[in-house]
Ligand SMILES: Nc1ncnc2c1ncn2[C@@H]1O[C@H](COP(=O)(O)OP(=O)(O)OP(=O)(O)O)[C@@H](O)[C@H]1O
């Protein structure tokens, strides 16, 4: 298995005025190609900060991060990054928001594919609405779709399903699992939902309270493709229990 992302001894302290806040301390994480890796941990421990550092939005950190074997500081690698807040542009319609990555990359000949994805994501009929006119769950779905169209082989997803109702969440989880197989993506995923982490992931890292470091690494041995019957198996409950105990 080829290493896709390697994070070694990552530390980060925010400095504001005279105060400083140590958020990450000697954090080590590794993702292999095509792996689905989740991060879980207490609220405010620094999970989003890790994704922001990877996405290049926080430059000031210590430690080593490589992507495809190249230092992140020297590389211009483009991640498909979806922040916790969807960040749709309020002045662009849903459709125009979704196709933004295609405009930026100059590839706008994917009309049919985009139309099909809009249907699959339950956004059909809302293409010409503005973000202020659609629900939180719809905004999240539009955000996920836009991230997918960034066409990066690494997706960084910060609680992408947080605002979704149970049924839509299940549909989106299933879509993501399909994407993983069909498009060979590597995914780093933040969630507060232990069950979601076990169902989707090959590996789950449990982070400590701030300053965050890894307190548990759990490899999930379920084969792919995954199915919902796994959720009631004994192994599934055992995985959940291990993670819960690590968090408490
Ligand atoms: N730009 C910043 N300046 C100062 N402090 C920050 C900044 N960004 C984040 N923090 C602080 O860093 C800590 C970690 O924030 P972060 O958003 O990474 O946590 P999180 O684990 O993703 O939280 P949650 O699970 O609640 O989303 C928090 O205490 C937050 O207030």
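Since every read-out is calculated from the coordinates, none of them should be taken as a lab result. Since we're looking at a predicted model, the values are computed, not measured. Cβ coordinates were reconstructed from backbone atoms using ideal geometry, including for glycine residues, and neighbour counts include every protein chain displayed.
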Problem - Whole-number percent relative contact order across the chain, with pairs defined as alpha carbons under 8 Å at least 6 apart - result: 27
Practice task
Considering only DSSP beta bridges where both residues belong to the chain, give the percentage that are antiparallel (nearest 5).
Solution key: 55
Completion exercise
Fewest-first ordering of 91, 175 by Cβ atoms within 10 Å yields 91, 175
Completion exercise
Using alpha-carbon positions, the gyration tensor of the chain gives root eigenvalues a ≥ b ≥ c; with a/c under 1.5 called rounded, otherwise prolate if a/b exceeds b/c, else oblate, the class is oblate
Handout entry: Ranking of 130, 239, 81 by count of other Cβ atoms within 10 Å, fewest first
Key = 130, 81, 239
Practice task
Work out, step by step, the length gained on full extension between residue 128 and residue 87: first 0.36 nm times the residue separation, then minus their alpha carbon distance; give nm to one decimal.
Solution key: 13.0 nm
Fill in the blank from the handout: Row for segment 8-142, column shape: gyration tensor on C-alpha, a ≥ b ≥ c, rounded if a/c < 1.5 i.e. under 1.5, prolate if a/b over b/c, else oblate; value prolate
Exercise for the section: Fewest Cβ neighbours within 10 Å first, please rank 241, 202 accordingly. Expected result: 241, 202
Handout entry: Average Cα contact separation per residue, segment 80-151, under 8 Å, 6 or more apart, as relative contact order %
Key = 55
